[in-house]
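To start, the structure under review is shown below, and the notes come after it.
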Amino acid sequence: MNTMKKYILGFVIAVCLWACSKEDWPSNDQLEVNFFAVPEGATGEEAELRRKFFDKTGVYLLFSDTLGCRNITTLSGETIVEWQVVDLMWNMNTNSFADSLGFFPYQVIGKKEAAAKFVQDELLTGLPELFYPYSILLTERLVLFENFYGTYVPGEVAVYSGMQATAIALGDIATASDEEKETLKNEIMKAMIVNNLSLIKDSDLAVFYSYSTDYYDISSWNVPFPVESVGFLPTYASSWMVTFNTKSLDVLAYVEEIFNLSETKFRETYAEYSVVIEKMEEMVKVLRKYGVNVY
């Protein structure tokens, strides 16, 4: 842009600002609204259920990924409706190839009440508040569409943890057997803890790290085989998508396996590798320090 054009543009802007009074300017001033909370004037069984759940747990309870809407005034003076939707795929590093989720919401208040009671009484009571999610979205079914090289493949899941919320599919939990409830409870607890592993201090993991310290962050080709012989679990060892021998994935693999297997099954599975057993025992100690009792 040459000097004359810049001068003209600046003059036009100055005239507009001088000619328009403050009352003529479009305003985007809005009262801060927490869309995760129950609206103050909302009534009914679901609203009361959500309020009581938050009062007892400090966690927002949702039954829909659509939180609400508000009117926004644009710079041109036009008023538009802006919908607020939970984005479970949102994270600090946006990925254009991210997976997507499909929700099948509860339609009956009785199922909503049973699901909320299970989460409150069976799940959260056994989980330290440190690992509580910001909000919980309860749904009857949850379908994860995983991206495999550009093709989305659907599969039903029980839980999916995001930064804004943890989505949980409990179906008709009132008719589930005790064994089914216990399996669901372990799977959901695992997801909530895994989603917050960064809360565990490195200093508390020092002993755990010490077993495999010589093999972190080196070329995976230089890690002895089988990887269990130097303390790694095979969970991610064959994946081309991640580097399995990092501290973070080492911790993740152990936490997942501890929740996936009973203590007896874990010891039987890795009986040949004493270093794996010792790392498991150390990880259990770390989890207990943070209030998580698995074994």
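The values are calculated or read from the model by the stated rules, or taken from the named source; none is laboratory data. Every value quoted in this text rests on a predicted model; they were computed, and no experiment measured them. All Cβ positions, even for glycine, are placed from backbone atoms using ideal geometry, and neighbour counts span all protein chains on display. Accessible surface is based on the protein model in full, side chains and every heavy atom, while ligands, DNA and RNA are left aside. Shrake-Rupley method; radii C 1.70, N 1.55, O 1.52, S 1.80 Å.
Annotation: peptides 238-244, 80-86, 56-62, ranked by per-residue average of other Cβ atoms within 10 Å with the highest first, follow the order 56-62, 80-86, 238-244.
A simple rule links phi to the HN-Hα coupling: the Karplus curve 6.51 cos²θ - 1.76 cosθ + 1.60 with θ = phi - 60°, which for region 206-222 gives 4, 5, 4, 5, 4, 5, 10, 4, 6, 10, 6, 6, 9, 4, 4, 5, 8 Hz, with x for Gly and Pro.
Expressed as a whole percent, the accessible area of region 200-290 that falls on carbon and sulfur atoms is 52 (1.4 Å probe). When the pairs LYS111/LYS289; LYS56/LYS181; LYS117/LYS279; LYS56/LYS285; LYS265/LYS289; LYS111/LYS279 are compared against a 31 Å limit on Cα-Cα distance, LYS111/LYS289; LYS117/LYS279; LYS111/LYS279 fall above it. Taking all C-alpha pairs of region 45-198, those more than 28 Å from each other amount to 24 percent.
Only protein atoms count toward the accessible area here, which uses a 1.4 Å probe; on region 45-198, the carbon and sulfur part of that area reaches 50 percent.
Peptides 200-206, 270-276 ranked from most to least packed give 270-276, 200-206, packing being the mean of other C-beta atoms within 10 angstrom over each peptide's residues. Expressed as a whole percent, the proportion of Cα-Cα pairs in region 233-280 lying more than 15 Å apart is 44%. Between LEU199 and ASN71, the FRET efficiency from the beta-carbon distance, with R0 = 45 Å, is close to 0.75.
Compared with the direct C-alpha span, the chain from ASN222 to ASN260 gains 10.8 nm at full extension, assuming 0.36 nm per residue.
Of all DSSP-defined beta bridges confined to region 45-198, some 75% are antiparallel rather than parallel. Here the Karplus relation 6.51 cos²θ - 1.76 cosθ + 1.60, evaluated at θ = phi - 60°, turns the backbone of region 236-252 into coupling constants of 10, 5, 9, 7, 8, 8, 9, 9, 5, 9, 9, 4, 5, 6, 5, 4, 4 Hz, with x for every Gly and Pro.
A Förster radius of 35 Å combined with the Cβ-Cβ distance from SER238 to ASN186 puts the calculated FRET efficiency at roughly 0.90. By the Kirkwood approach, averaging reciprocal distances over each pair of separate Cα atoms, region 200-290 gets a hydrodynamic radius of 13.3 Å.
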